[in-house]
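Every read-out reported here was derived from the displayed coordinates using simple, explicitly stated rules and does not represent laboratory data. Source: prediction; values computed, not measured. Please note: Cβ atoms are built from the backbone with ideal geometry, for glycine as well, and neighbour counts cover all protein chains shown.
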């Protein structure tokens, strides 16, 4: 490490060619979220702020910078699906983030097939090897340390149904690397793929 780290206060700007925050907190799972509006129009969009937050019940969440179609749809219907973005689906995932009007079907735009879920009225991405069916638990507008709200919404949902390609279950254990998930790495266009060469194991101390 260098003797003196680079320091900045985000409120005053970072002074670098690109904000390093996203790259430091990464790579991050991609929240590839499908939703349906109250009038039935389907939406599909990727969010780079996504993760899992609880085991029982299983809860996942994503953050939307701006009150976008996904947030509005989920607030209306209280349902959504998360779809695993993989290396073979990277281009389709990227196509689904195009800034288009709410009436445009991103499934069609990205050349993807919507397939009916079992427990929610939101379609999943048929080509994705893993999907979660989710029901909204909390919708929270974020606040800064000064207590003022910022135009970002955190969507939390309980996973009520899980779809997993059986080919990814090796002796009953999910093989993360075999799915070839992609993750957002920060920078203007950086992504990462998880492969078996990245695996190492550590047991928890007893």
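General remarks:
- Within the listed set 135, 68, 166, the Gaussian network model of the chain (springs between alpha-carbon atoms below 10 Å) gives the highest mean-square fluctuation for 166.
- Simple label model, 7 Å out from Cα along Cβ direction - residue 76 to residue 139, nm: 1.0
- Order of 140, 194 under a 10 Å beta carbon neighbour criterion, fewest first: 140, 194
- Cβ crowding within 10 Å ranks 134, 81 as 81, 134, fewest other Cβ atoms first.
- With the convex hull drawn over the C-alpha atoms of region 62-167, the volume per residue is 124 Å³.
- Label zone at residue 8, where the point sits 7 Å out along the Cα-to-Cβ direction: region 17-41 residues whose backbone N lies under 16 Å: 17-25
- Per residue, the convex hull volume that the Cα atoms of region 26-117 enclose (Å³): 114
- Average 1/r across all pairs of distinct alpha carbons in region 112-161, invert it, and you get the Kirkwood radius: 13.0 Å.
- Over the chain: helical MRE at 222 nm, DSSP H runs n ≥ 4 each giving -39500 (n - 2.57), nearest 500: -2500 deg cm²/dmol
- In region 58-187, the DSSP beta bridges split such that about 100 percent are antiparallel, to the nearest 5.
- Here the calculated FRET efficiency for residue 201 and residue 94, from their Cβ-Cβ distance with R0 = 35 Å, stands at 0.60, rounded to the nearest 0.05.
- Top of 44, 183, 139 by mean-square fluctuation, Gaussian network on the chain, Cα under 10 Å: 139
- Proportion of all alpha-carbon pairs of region 25-77 beyond 15 Å (%): 51
- Histogram of C-alpha separations across the chain, 10 Å bin width, %: 8, 30, 35, 19, 6, 1
- Neighbour-count ranking [beta-carbon atoms within 10 angstrom, fewest first] of 112, 154, 199: 199, 154, 112
- When you work out D = kT/(6 pi eta Rh) for region 84-124 at 25 °C and 0.890 mPa s, using the Kirkwood radius from C-alpha pairs as Rh and the Stokes-Einstein form, the result is 218 µm²/s.
- Over region 117-206, the hull volume per residue, using the convex hull of the C-alpha atoms, is 233 Å³.
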